[in-house]
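The values are calculated or read from the model by the stated rules, or taken from the named source; none is laboratory data. It should be emphasised that the depicted structure is a prediction, and the values quoted were computed from it without experimental measurement. Cβ atoms come from the backbone with ideal geometry, glycine included; neighbour counts cover every protein chain shown.
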């Protein structure tokens, strides 16, 4: 019972903090006469999201569904292809020497500088957004998965090789399970990075999603 009360009190305290933050936000906008295009008030945001005329004008559910579809498609592609590429890098020293320099060079490029190129190559729309999402999230996943596949204890590898384990068995039983603690944390980090860069990419390339509503 005491644990439930403590959890309820913690939840109510968090809600109180949120309410105070929203009230302070509204007060600052009103007192200092902040322009709406600079920082809109919570009341203005609420009206924009839930008033019938604004919802009909912005069709924000359609924009959000488009954004979610782009995230799902890019996430599935990045997770699958990135994981397989990391396995190939660790499988063969020749492939590692060929692929890793290319990945390191591409990862060092500023992603925002690539947006105009994708605009020229792919045009406005779904393809350009998904491509930018993949580029932002792909390299962290590949690099973290590669580190996880490589960070196996050499004594353990020597032991299983002494027991005549094949290369495939080593990957399936040891390397891939060992890489999972590196893979799963890298995915939210990569997509957090990708979502932070989403508004500029959408503003540059497409108006069929949530950033278009925010930037109107």
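The figures follow:
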read-out	value
Selection count, region 137-185, where residues are in contact with a helix residue (DSSP H, G or I) (Cβ under 8 Å, 6 or more places away or on another chain) and free of Cβ contacts under 8 Å to residues at least 12 places away in the same chain	3
Of all residues making up region 102-116, the number that are surrounded by 11 or more Cβ atoms within 10 Å (Cβ to Cβ) and either in contact (Cβ under 8 Å) with a residue 40 or more places away in the chain or not in a loop (DSSP other than H, G, I, E, B) (or both)	9
In region 188-208, the residues that are surrounded by fewer than 18 Cβ atoms within 10 Å (Cβ to Cβ) and either modelled with pLDDT of 80 or more or outside any loop (DSSP other than H, G, I, E, B) (or both)	188, 189, 192, 193, 195, 196, 199, 200, 203, 204
Output for region 37-47, where each listed residue is in a loop (DSSP other than H, G, I, E, B) and either surrounded by 12 or more Cβ atoms within 10 Å (Cβ to Cβ) or at pLDDT 80 or above (or both)	38, 39, 40, 41
So residue 29, is it loosely packed, with under 14 Cβ neighbours inside 10 Å and either modelled with pLDDT under 80 or over 30 Å from residue 107 (Cβ atoms) (or both)	no
Residue within region 73-80 that is exposed (fewer than 14 other Cβ atoms within 10 Å of the Cβ) and within 17 Å of residue 148 (Cβ to Cβ) present	yes
Close pairs (6 angstrom Cβ cut-off, 6 or more residues apart or separate chains): on the phi < 0 side of the Ramachandran plot and modelled with pLDDT of 80 or more in region 48-74, assigned to a helix (DSSP H, G or I) and surrounded by 14 or more Cβ atoms within 10 Å (Cβ to Cβ) anywhere	70/129; 70/130; 73/130; 74/130; 74/133; 74/134
Members of region 87-96 found to be exposed (fewer than 11 other Cβ atoms within 10 Å of the Cβ) and at pLDDT 90 or above, listed by number	94
Hey, residue 148 over 20 Å from residue 108 (Cα atoms) and buried (at least 17 other Cβ atoms within 10 Å of the Cβ) or not	yes
